[in-house]
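Visitor: Can you read through this structure? Questions will come right after.
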Amino acid sequence: MHRVLQSGSDDGGRRMHGTIQLPDPQGRGFIVLDRIHRNLSTATLYEEVTRLGEGCISRSGALVVRTGAHTGRSPNDKFIVREPSSEKNIWWGKINRAFGESNFSQLHNRLLAYLQGKDIFIQDCYAGADPKYQISVRVITETAWHSIFAKNMFLFVKYIYIFDKIDRWTKE
């Protein structure tokens, strides 16, 4: 049974509680998650960061977290599935490295297995200020503070109910 609860956040963020089964987009069964925190407000995410012990709030109100040893961008770890729709549209090379479709399926299955029973945070955002060139971006994280980072990195749309059409966010 799925229960959707309003988070009380100012941007209409939603939380789903309990064991949640989402159909795998490839039809290989279900992804079982504990909780989904979707498009929560920054204030609500701050509360989650402190509740979960991911960080604390300084006297000035800034969020303080420990990022760990791996910080910054990792451009050499960027892979793109090489298939007919990407073949001629990507500048292949050292930075945009090809990744086979079968390798992607294996990695996708490992990710689904890893997420079993976990809480996740989702932010539906946009990249690009000009609507003519905007692309939809869905950021899925394990931590609330990474979700805050995504809200700062990308453009956030206040009216999230337009995102209920999953095809805007994922391509199969």
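The values are calculated or read from the model by the stated rules, or taken from the named source; none is laboratory data. Since this is a predicted model, take the numbers as computed values, not measurements. Cβ coordinates were reconstructed from backbone atoms using ideal geometry, including for glycine residues, and neighbour counts include every protein chain displayed.
Visitor: Restricting to region 15-42, give me the number of residues that are at positive phi and either at pLDDT 95 or above or surrounded by 14 or more Cβ atoms within 10 Å (Cβ to Cβ) (or both).
Guide: 1
Visitor: Considering only residues that are under 16 Å from Glu142 (Cα atoms) and either of a type in the set (Ser, Thr, Tyr) or touching a Lys or Arg at 6+ places or on another chain (Cβ under 6 Å) (or both), which ones fall in region 43-79?
Guide: Thr44, Tyr46, Thr50, Thr67
Visitor: Filter region 107-137 down to the residues that are hydroxyl-bearing (Ser, Thr, Tyr) and part of a strand (DSSP E or B), then identify the one that is surrounded by the most Cβ atoms within 10 Å (Cβ to Cβ).
Guide: That would be Ser136.
Visitor: Consider Glu47 carefully, then state whether it is within 25 Å of Phe149 (Cβ to Cβ), among the acidic types (Asp, Glu) and at pLDDT 60 or above.
Guide: When the stated conditions are applied, Glu47 passes them.
Visitor: Read through the list (1) modelled with pLDDT of 90 or more; (2) under 19 Å from Thr44 (Cα atoms); (3) in a strand (DSSP E or B), then give the number of the only condition that Lys151 fails.
Guide: For Lys151, the failing item is (3).
Visitor: Can I ask one more? So if I check each of Gln106, Gln123, which one is under 11 Å from the mean Cα position of the chain (by Cα) and modelled with pLDDT of 85 or more?
Guide: None of the others qualify; the one that does is Gln123.
Visitor: Now for a different question. Six or more apart or on different chains, Cβ atoms under 8 Å: show the pairs whose first residue is in region 124-141 and closer than 19 Å to Arg38 by Cα and whose second is part of a strand (DSSP E or B) and polar (S, T, N, Q).
Guide: Within 8 Å, the pairs are Asp124/Ser136; Cys125/Ser136; Tyr126/Ser136; Arg138/Gln123; Val139/Gln123; Thr141/Gln123.
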